[in-house]
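A short write-up of the structure that comes next.
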Amino acid sequence: MPDDGYSIKDRASYFIKTRAWNIISECGIINPPIMAAQVASKLGINVSETYLDGASGLLEPTEKGLQIKLNAEEIQVRKNFSCAHELMHTYFLDGKGRSFIETVMKIDGFNAARNLEERLCNTGAAELLMPRDMFKQAANKLRFSVASSVASIEPLAKMFSCSVDATSIRVAELSPAPCTRIRWKIANGTPEEPTAFRIEHSTEFKLESPPKAYPEALRLRSTKGILRSKFYKPKMDASEAVFRAYSGEGVVRSDERLRTNTVSIPCYVESKGFSRVPWRNVISLAFPKGLL
Ligand SMILES: [Zn+2]
């Protein structure tokens, strides 16, 4: 990894991804699903399930070594991600079992360090359970158009034993065309009859080789071929497509405009409803036109 042009966060993210790749090769894993609990025990970390008040997982140093505790009440795909997440925390421990990153990042305060470590553990967990190359290969086989498709989320989630939510983020991240993943939340009305939706979460764009047509206004910074846009919180109105996706079963395709503070970009959007009422939600993948 080159020394210049990368922020400490980029480097930390590269560090944790490398750890995930190493684990996969050390454990000789070549096919999904990757079960984090099996990986942990191969690495000598004991995993148990128990009742955890509100928490999904815990990493505890004991006399016998490290121990991961998972919330027995959560569904399998959540447990798998939590276990992978806790496994990643082991890379941030100092000799005494305290978080190393909290010590080095003290300048930003405890919360900033904790949030960075949490984000890195999620990055590492996603990389461990849905390794880049393995996931791209599987997604390639399921691809329905030039870009990724919202229809590939469920089959990939099953194949990799991950949640629809985590898988949809990975689909957007590894999409061959720039893509943002939007999760919609009911803003008004009831789960039976929603009258308004708002964006609950969206991902940022990451382009490996930025095309020339990419609007200048979107550039946050460009570092060695990695370009990020200002799409931290893209704004888009919940169109009729979101309502149709919520009430129907199939993929709803639409043309929408995605807005930032400075620009408005025409997008091709695919939306789909997941889960049943009252947990039902809609996930959209938005692809800026001209970049497909
Ligand atoms: Zn954590």
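Bear in mind that the values in this text are calculations on the coordinates, not laboratory data. In this text the structure is predicted, and so the values were computed from the model without any measurement. Note: ideal-geometry Cβ built from the backbone for every residue, glycine included; neighbour counts use all protein chains shown.
Points to keep in mind about this one:
- Highest average packing first - 172-183, 240-251, 59-70, Cβ atoms within 10 Å: 172-183, 240-251, 59-70
- Residue list for the stretch 66-97, given a label point 7 angstrom along the Cα-to-Cβ vector of Tyr51 and an amide N cut-off under 16 Å: 70-74
- A simple spin-label model places pseudo-atoms 7 Å from Cα toward Cβ; at Ser275 and Glu118 they are separated by 1.8 nm.
- Above-threshold pairs, the threshold being 30 Å between Cα atoms, out of Lys136/Lys289; Lys136/Lys272; Lys42/Lys272; Lys9/Lys272: Lys42/Lys272; Lys9/Lys272
- Rough spin-label spacing in nm, given labels placed 7 Å along Cα→Cβ, for Lys42 and Ala177: 3.7 nm
- Residues of the stretch 12-36 with an amide N closer than 17 Å to a point placed 7 Å from the Cα of Lys158 along the Cα-to-Cβ direction: 32-34.
- Using θ = phi - 60° in the Karplus curve 6.51 cos²θ - 1.76 cosθ + 1.60, the 3J(HN,Hα) couplings for the stretch 69-85 round to 10, 10, 6, 4, 7, 8, 6, 3, 5, 5, 4, 4, 5, 4, 5, 5, 4 Hz; x is entered for Gly and Pro.
- The alpha-carbon of Lys141 sits under 19 angstrom from the alpha-carbons of these aspartates and glutamates, leaving out residues fewer than 8 places away in its chain: Asp133, Glu154, Glu173, Glu270.
- As a proxy for reagent exposure, ranking Ile30, Ile153, Ile265 by other Cβ atoms within 10 Å from fewest up yields Ile30, Ile265, Ile153.
- Pairwise label distance in nanometres, His201 with Ala151, each label 7 Å out on the Cα-Cβ vector: 2.6 nm
- Between amide H atoms placed 1.01 Å from N, distances below 5 Å from Ala177 occur with Ser148, all of them 5 or more places distant or on a separate chain.
- Available extension along the chain between Ala72 and Asn31 is 12.1 nm, counting 0.36 nm per residue and deducting the alpha carbon span.
- 3J(HN,Hα) from dihedral phi, the stretch 177-185, Karplus parametrisation 6.51/-1.76/1.60, rounded to Hz, x for glycine, proline: 10, x, 8, 10, 9, 10, 10, 9, 10
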